[in-house]
Amino acid sequence: MITLTVTPDREQLGAFGRILPVSCRVRSLENKQRRMSEVVYSENSDGSRGQPYSPRVFPAGTWNVYAPHSVDLARDPRRYMWPYFIPTDACQLVDVWEVDQHDTLRYVEKADERVMDYGYGLHFSASQTTLGCLRIDSETDLRWLVAEIDTALRAGEKIQLYIA
(Lines give C-alpha, C1' and ligand atoms only; values in the text may rest on other atoms or scores of the structure.)
Protein backbone atom coordinates (compact mmCIF):
# COMPACT_ATOMS: atom_id res chain seq x y z
CA MET A 1 0.00 0.00 0.00
CA ILE A 2 1.33 3.42 -0.97
CA THR A 3 -0.01 6.42 0.93
CA LEU A 4 0.08 9.95 -0.43
CA THR A 5 -0.24 12.46 2.40
CA VAL A 6 -1.72 15.95 2.22
CA THR A 7 -1.13 18.49 4.97
CA PRO A 8 -4.27 19.62 6.82
CA ASP A 9 -4.01 23.09 5.22
CA ARG A 10 -3.97 21.32 1.83
CA GLU A 11 -0.79 23.08 0.69
CA GLN A 12 1.65 20.15 0.44
CA LEU A 13 1.39 16.65 -0.96
CA GLY A 14 3.91 14.01 0.12
CA ALA A 15 4.19 11.51 -2.71
CA PHE A 16 6.81 8.92 -3.68
CA GLY A 17 9.55 10.60 -1.62
CA ARG A 18 8.85 14.14 -2.78
CA ILE A 19 6.88 17.09 -1.45
CA LEU A 20 4.73 18.81 -4.06
CA PRO A 21 3.07 22.20 -3.59
CA VAL A 22 -0.70 21.91 -3.92
CA SER A 23 -3.70 24.08 -3.14
CA CYS A 24 -7.42 23.74 -2.57
CA ARG A 25 -8.81 27.23 -2.97
CA VAL A 26 -12.55 27.13 -3.48
CA ARG A 27 -14.83 29.97 -4.47
CA SER A 28 -17.99 29.36 -2.44
CA LEU A 29 -21.09 31.25 -1.40
CA GLU A 30 -19.93 31.03 2.21
CA ASN A 31 -16.61 32.79 1.59
CA LYS A 32 -18.42 35.27 -0.71
CA GLN A 33 -16.06 34.53 -3.61
CA ARG A 34 -18.78 32.89 -5.74
CA ARG A 35 -21.44 35.10 -7.31
CA MET A 36 -25.06 34.07 -6.90
CA SER A 37 -25.23 33.67 -10.69
CA GLU A 38 -22.31 31.16 -10.78
CA VAL A 39 -24.35 28.04 -10.06
CA VAL A 40 -22.44 24.76 -9.92
CA TYR A 41 -23.69 21.23 -9.40
CA SER A 42 -22.55 18.35 -7.24
CA GLU A 43 -21.37 15.17 -8.94
CA ASN A 44 -23.16 11.85 -8.47
CA SER A 45 -21.27 8.60 -7.85
CA ASP A 46 -21.72 7.63 -11.52
CA GLY A 47 -20.23 10.95 -12.69
CA SER A 48 -23.54 12.49 -13.69
CA ARG A 49 -24.63 15.97 -12.67
CA GLY A 50 -26.15 16.21 -9.22
CA GLN A 51 -27.83 19.08 -7.38
CA PRO A 52 -26.96 22.79 -7.14
CA TYR A 53 -24.51 23.31 -4.27
CA SER A 54 -21.80 25.60 -2.94
CA PRO A 55 -18.37 23.97 -3.46
CA ARG A 56 -16.38 22.61 -0.51
CA VAL A 57 -12.69 21.82 -0.05
CA PHE A 58 -11.43 18.27 -0.61
CA PRO A 59 -12.74 16.24 2.35
CA ALA A 60 -10.47 14.95 5.09
CA GLY A 61 -10.08 11.19 5.30
CA THR A 62 -8.35 8.29 3.58
CA TRP A 63 -9.36 7.84 -0.04
CA ASN A 64 -8.43 5.43 -2.81
CA VAL A 65 -6.50 6.81 -5.78
CA TYR A 66 -7.26 5.42 -9.25
CA ALA A 67 -5.52 5.43 -12.63
CA PRO A 68 -5.00 8.94 -14.03
CA HIS A 69 -6.68 9.74 -17.30
CA SER A 70 -5.76 12.29 -19.92
CA VAL A 71 -8.01 15.26 -20.51
CA ASP A 72 -8.63 16.23 -24.11
CA LEU A 73 -7.65 19.86 -24.70
CA ALA A 74 -10.50 20.17 -27.21
CA ARG A 75 -12.95 19.37 -24.39
CA ASP A 76 -11.08 21.55 -21.88
CA PRO A 77 -9.89 24.59 -23.88
CA ARG A 78 -9.63 26.71 -20.71
CA ARG A 79 -7.20 24.11 -19.32
CA TYR A 80 -9.18 23.74 -16.13
CA MET A 81 -8.11 20.11 -15.64
CA TRP A 82 -5.67 19.66 -18.53
CA PRO A 83 -3.59 17.53 -19.20
CA TYR A 84 -4.47 14.81 -16.61
CA PHE A 85 -7.02 14.11 -13.90
CA ILE A 86 -6.21 11.73 -11.04
CA PRO A 87 -9.52 10.40 -9.67
CA THR A 88 -10.25 9.31 -6.10
CA ASP A 89 -13.28 7.92 -4.31
CA ALA A 90 -13.47 10.96 -2.00
CA CYS A 91 -16.97 12.17 -1.26
CA GLN A 92 -18.80 14.27 1.28
CA LEU A 93 -22.28 15.47 2.20
CA VAL A 94 -23.06 18.93 0.86
CA ASP A 95 -26.01 21.27 1.23
CA VAL A 96 -28.33 21.55 -1.75
CA TRP A 97 -29.25 25.05 -2.86
CA GLU A 98 -32.51 26.14 -4.47
CA VAL A 99 -32.01 28.01 -7.74
CA ASP A 100 -34.19 30.44 -9.67
CA GLN A 101 -34.50 29.15 -13.22
CA HIS A 102 -36.85 31.81 -14.59
CA ASP A 103 -34.94 34.76 -16.06
CA THR A 104 -31.39 33.85 -15.07
CA LEU A 105 -30.02 30.85 -13.28
CA ARG A 106 -28.97 31.93 -9.79
CA TYR A 107 -28.84 30.65 -6.23
CA VAL A 108 -31.82 31.60 -4.10
CA GLU A 109 -31.40 29.94 -0.70
CA LYS A 110 -30.12 26.83 0.99
CA ALA A 111 -32.60 23.97 0.72
CA ASP A 112 -33.42 21.62 3.57
CA GLU A 113 -31.60 18.75 1.83
CA ARG A 114 -28.10 17.30 1.66
CA VAL A 115 -26.57 15.02 -0.97
CA MET A 116 -23.26 13.19 -1.41
CA ASP A 117 -20.82 14.94 -3.72
CA TYR A 118 -18.25 12.85 -5.60
CA GLY A 119 -15.66 13.59 -8.26
CA TYR A 120 -12.82 14.87 -6.08
CA GLY A 121 -9.39 14.33 -7.53
CA LEU A 122 -6.02 15.89 -8.25
CA HIS A 123 -5.16 17.96 -11.30
CA PHE A 124 -3.22 20.93 -12.56
CA SER A 125 -5.24 23.96 -13.61
CA ALA A 126 -4.73 27.29 -15.30
CA SER A 127 -7.22 28.54 -12.69
CA GLN A 128 -6.04 29.23 -9.14
CA THR A 129 -9.29 27.78 -7.77
CA THR A 130 -11.08 24.43 -8.03
CA LEU A 131 -14.50 23.06 -7.11
CA GLY A 132 -12.84 21.20 -4.24
CA CYS A 133 -10.16 19.17 -6.00
CA LEU A 134 -6.52 19.36 -5.04
CA ARG A 135 -4.70 21.55 -7.54
CA ILE A 136 -1.13 20.46 -8.27
CA ASP A 137 0.62 23.83 -8.57
CA SER A 138 2.95 22.78 -11.41
CA GLU A 139 2.09 20.96 -14.63
CA THR A 140 5.56 19.39 -14.48
CA ASP A 141 4.82 18.03 -10.99
CA LEU A 142 1.48 16.67 -12.18
CA ARG A 143 3.12 14.84 -15.10
CA TRP A 144 5.71 13.36 -12.71
CA LEU A 145 2.99 12.26 -10.27
CA VAL A 146 0.92 10.67 -13.05
CA ALA A 147 3.96 8.64 -14.17
CA GLU A 148 4.65 7.49 -10.58
CA ILE A 149 1.02 6.49 -10.00
CA ASP A 150 0.81 4.66 -13.34
CA THR A 151 4.01 2.72 -12.53
CA ALA A 152 2.79 1.77 -9.05
CA LEU A 153 -0.64 0.69 -10.26
CA ARG A 154 0.86 -1.42 -13.07
CA ALA A 155 3.02 -3.12 -10.41
CA GLY A 156 -0.15 -4.08 -8.54
CA GLU A 157 0.17 -1.51 -5.75
CA LYS A 158 -2.85 0.14 -4.17
CA ILE A 159 -2.60 3.86 -3.57
CA GLN A 160 -4.38 5.88 -0.93
CA LEU A 161 -4.59 9.61 -0.31
CA TYR A 162 -4.65 10.70 3.34
CA ILE A 163 -5.84 14.15 4.45
CA ALA A 164 -5.96 14.82 8.19
Quiz item: Counting only residues that are over 19 Å from Leu4 (Cα atoms) and touching a strand residue (DSSP E or B) at 6+ places or on another chain (Cβ under 9 Å), which one in region 119-139 is surrounded by the fewest Cβ atoms within 10 Å (Cβ to Cβ)?
Solution: Gln128
Quiz item: Where residues in region 147-164 are in contact (Cβ under 8 Å) with a residue 60 or more places away in the chain and part of a loop (DSSP other than H, G, I, E, B), which of them is nearest to Phe58 (Cα to Cα)?
Solution: Ala164
Quiz item: Here is a list of conditions, (1) acidic (Asp, Glu); (2) in contact (Cβ under 8 Å) with a residue 40 or more places away in the chain; (3) touching a Phe, Trp or Tyr at 6+ places or on another chain (Cβ under 7 Å); (4) within 23 Å of Leu20 (Cβ to Cβ), and Asp89 meets all of them except one; can you say which number that is?
Solution: (2)
Self-check item: Which listed residue, of Ala60, Ala152, Ala67, is at pLDDT 95 or above and over 17 Å from the mean Cα position of the chain (by Cα)
Solution: Ala152
Self-check item: Looking only at region 1-53, and only at residues there that are hydroxyl-bearing (Ser, Thr, Tyr) and in contact (Cβ under 8 Å) with a residue 40 or more places away in the chain, the one that is nearest to Thr130 (Cα to Cα)
Solution: Ser23
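Glu98: surrounded by fewer than 19 Cβ atoms within 10 Å (Cβ to Cβ) and touching a strand residue (DSSP E or B) at 6+ places or on another chain (Cβ under 8 Å), yes or no?
Answer is yes for this residue.
Out of the strands (runs of 3 or more DSSP E) lying entirely within region 57-146, which hold 3 or more residues that are in contact with a Pro (Cβ under 7 Å, 6 or more places away or on another chain) and under 16 Å from Tyr41 (Cβ atoms)?
Of the strands (runs of 3 or more DSSP E) lying wholly inside region 57-146, those with at least 3 residues that are in contact with a Pro (Cβ under 7 Å, 6 or more places away or on another chain) and under 16 Å from Tyr41 (Cβ atoms) span 92-100.
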Practice problem: Could you please find all residues in region 28-78 being within 16 Å of Glu109 (Cβ to Cβ), among the polar types (S, T, N, Q) and surrounded by 17 or more Cβ atoms within 10 Å (Cβ to Cβ)? | Solution: Ser28, Gln51, Ser54
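The values are calculated or read from the model by the stated rules, or taken from the named source; none is laboratory data. It should be emphasised that the depicted structure is a prediction, and the values quoted were computed from it without experimental measurement. A quick note on method: Cβ atoms are made from the backbone with ideal geometry, for glycine too, and the neighbour counts reach across all protein chains shown.
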